[in-house]
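Okay, so here's the structure we're looking at.
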Amino acid sequence: MINFSLGTRASNPGDAESAKKVYAYAQARETLNIMQLAKHIQQHGSPYTRDIIVGVLTKTVDCIREELLNGNKVQLGEMGAFYVTISSKGVDNALEFDQNSHIKSVNVRWERGREFKDLLSDATFHYVTTREQQIAARKAEKAALNEELGVSSSDDSGSDTPGSLDE
């Protein structure tokens, strides 16, 4: 299930004065690290132990990075392909171009494979409040509880007040 919240932004991103519209924004529930992903893979019937899966995933990352730096595109079956793009400053003619001063960044891009092209048909959605709304609600709840306990919550410096309910 994909969590989403709603937010307002300009309908034409290049024009800040354009009409504002409400759009959906995906909200990640959590970020899985490599150990958690390896455990998940293992739970899907893998004959390999979690430490072997972690090793393979770690080596895969190392090798993909190496191949991208060698100028190659890396195709991972139905997952898709990874490749690099570069961002550079423009010059008036090719003779003025100096790679050391004009290339600004190297970026990694992902080209979706077949398994990732149509996620919408398999997706289900769940509305959640924005992170800002969640933080505001927690602060209001904290203030109400502190008031109920008769504890002063006037200190907004972020320091722990003895007896107050802090996050």
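One table, with the values for the structure above:
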item: Phi-based couplings in Hz for segment 125-130 (Karplus 6.51, -1.76, 1.60; Gly and Pro marked x); result: 10, 9, 6, 10, 6, 5
item: Distant-in-sequence amide H partners of Gly80 (H built 1.01 Å from N, under 5 Å); result: Gly113
item: Per residue, the convex hull volume that the Cα atoms of segment 12-167 enclose (Å³); result: 309
item: On Cα atoms only, tilt of 131-149 relative to the major axis of the chain in degrees; result: 20
item: Inter-label distance, nm, simple model (7 Å from Cα along the C-beta direction), Ser101/Arg9; result: 3.6
item: Gln27 paired with Ile64, simple spin-label distance in nm, labels 7 Å along Cα-to-beta-carbon; result: 2.8
item: Computed label-point distance, nm, for sites Lys39 and Glu111 using a 7 Å Cα→Cβ extension; result: 3.6
item: For the chain: accessible area per residue (Å², 1.4 Å); result: 79
item: Of all accessible heavy-atom area on the chain, the percent that carbon and sulfur account for (1.4 Å); result: 53
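The values are calculated or read from the model by the stated rules, or taken from the named source; none is laboratory data. All figures in this text were calculated on a predicted structure; none of them were measured in a lab. FYI the Cβ positions are ideal-geometry reconstructions off the backbone, even for glycines, and counts take in every protein chain you see. Accessible surface areas use protein heavy atoms only, side chains included; no ligands, DNA or RNA. Shrake-Rupley method; radii C 1.70, N 1.55, O 1.52, S 1.80 Å.
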